[in-house]
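I have placed the structure first, in the form of structure tokens, so that the comments after it can refer back to it.
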Amino acid sequence: MALAEQPDDWTEPGAYPVAPGVHRIPLPLPADALRAVNVYAVDDPDGVVLIDSGWAMDETEKALADGLRYLGYDLHDVAHIAVTHAHADHYTQAMRLQSTFGTRVSLGRGERPSIERLIGGFSGFDDRQDQLRQYGAVELLKRLEEWSGQRHDKVDLPWARPDGWLDDGDEIALYDRTLDVIATPGHTQGHVVLRDGPAGLLFSGDHILPHITPSIGFEAVVAKTPLRSYLDSLRLVKDLPDTVMLPAHGAPAPSVHRRVDELLAHHEVRLAAAYREVQRGASTAFEVASALRWTRRERTLDELDLFNQMLAIVETGAHLDVLVLQGELTRTESDGLLTYLT
């Protein structure tokens with residue numbers, strides 16, 4: 001299907017048609033390099049359905065209310081929010097609406113361990129610190145504690161359980177369309193995408209983004225092999241008929257397949273680069289990450305902010321572990337430190 005015209009700046013507030021009965025509402029994020037998150041409003045006689053919800057804060061709620069009002073709805077008209085994954089910029093505004101209006105919220109079942117941990121007051125960094133120690137990033141940890149005390153998610157975000165869990169193969173039946181639930185673990189363990197095959201639409205969440213590669217496995221409960229899961233999930237989507245891509249960050253795009261091919265190729269390049277640095281003598285994820293270049297600007301690890309340094313090292317470890325699974329590297333552990341050899 002043809003994609004409706006979008007504004008030059010995808011973050012511009014408003015409500016933009018992307019397909020008959022489907023509108024994109026960009027919502028602001030707090031000091032986030034991503035700048036905004038897309039919420040998709042799907043018309044239904046029983047009440048508008050949202051795909052994702054935004055970060056729980058007053059500015060986000062106002063932007064969502066303004067976008068819905070343009071479409072003829074109020075916040076209390078939201079009947080159901082289907083959330084692609086349990087990151088704060090997708091999930092916490094749904095919890096706020098659930099508490100205020102009784103809005104029904106559903107989430108991928110694979111997110112349940114992380115949700116339970118977040119409800120229990122999980123700081124968000126204990127396991128990550130252990131992981132960074134294993135990866136040899138000891139110096140980074142000295143700065144992480146100070147930074148973590150200033151991060152945005154120290155705010156009392158409304159983590160709570162959804163009303164229902166989404167399983168792979170479930171269907172969200174609306175009046176004139178059905179959204180198929182497809183489990184796509186990798187970015188998080190419980191990430192799902194929603195597909196309207198007859199309309200040629202894929203609500204891709206953070207699984208497939210148009211301009212950036214999603215972080216891998218950054219969540220409250222750390223996955224064992226998140227990159228392998230992510231690559232398998234990309235191939236799963238590629239095996240389906242092509243559709244329009246409706247991402248959580250960035251402008252919609254006419255082809256899911258085209259972007260999946262680009263992401264798979266990107267990770268092949270990164271796997272080869274990680275292997276090459278081990279061949280050259282790097283033996284920890286920190287050492288490999290320090291040798292690689294990051295972002296489209298080809299920055300060094302030290303040029304990234306602290307949070308993105310952490311993500312870079314964790315992602316490097318994920319690439320090294322895939323190389324171990326493929327039999328190209330060996331991994332040993334001594335005193336809690338993981339080392340990789342060809």
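Coordinate-derived values only; no laboratory data. Computed from a predicted model, the values in this text were never measured in an experiment. Cβ placement follows ideal geometry from the backbone for every residue including glycine, while neighbour counts extend to all protein chains displayed.
For residue 174, the residues whose amide H sits under 5 Å from its own are 179, ignoring neighbours fewer than 5 places away on the same chain, with H placed 1.01 Å from N. Basic side chains Lys and Arg get +1 at the Cβ, acidic Asp and Glu get -1 at the Cβ, and with that the dipole of the chain about its Cα centre reaches some 720 debye. With everything on Cα atoms, drop me the angle between helix 138-148 and the longest principal axis of the chain, reported from 0 to 90° to the nearest 10. That works out to roughly 30 degrees.
One Cα centroid belongs to the stretch 241-275, the other to the stretch 64-131; the line between them spans 25 Å.
For the chain, the longest principal axis of the alpha carbon atoms and the long axis of helix 306-325 meet at an angle near 70°. Peptides 324-337, 287-300, 241-254 ordered by packing proxy, namely the average of other Cβ atoms within 10 Å per residue, highest first: 241-254, 287-300, 324-337. In the chain, what % of DSSP beta bridges are antiparallel (nearest 5)? Percentage antiparallel, nearest 5: 65. When peptides 65-76, 80-91, 12-23 are ranked by their average number of other Cβ atoms within 10 Å per residue, the highest-first order is 80-91, 12-23, 65-76.
The packing ranking, built from the mean of other Cβ atoms within 10 Å per residue, places the peptides 266-272, 55-61 in the order 55-61, 266-272, highest first.
Sites listed here are trypsin sites (Lys or Arg not before Pro) in the stretch 153-250 whose DSSP assignment is loop and whose Cβ has at most 15 other Cβ atoms within 10 Å: 224. Listed by chain and number, the aspartates and glutamates placed with their C-alpha closer than 13 angstrom to that of residue 62 are 74; residues fewer than eight positions away on the same chain are left out. Against the longest alpha carbon principal axis of the chain, how many degrees, from 0 to 90 and to the nearest 10, is the axis of helix 58-70 turned? It works out to around 40 degrees.
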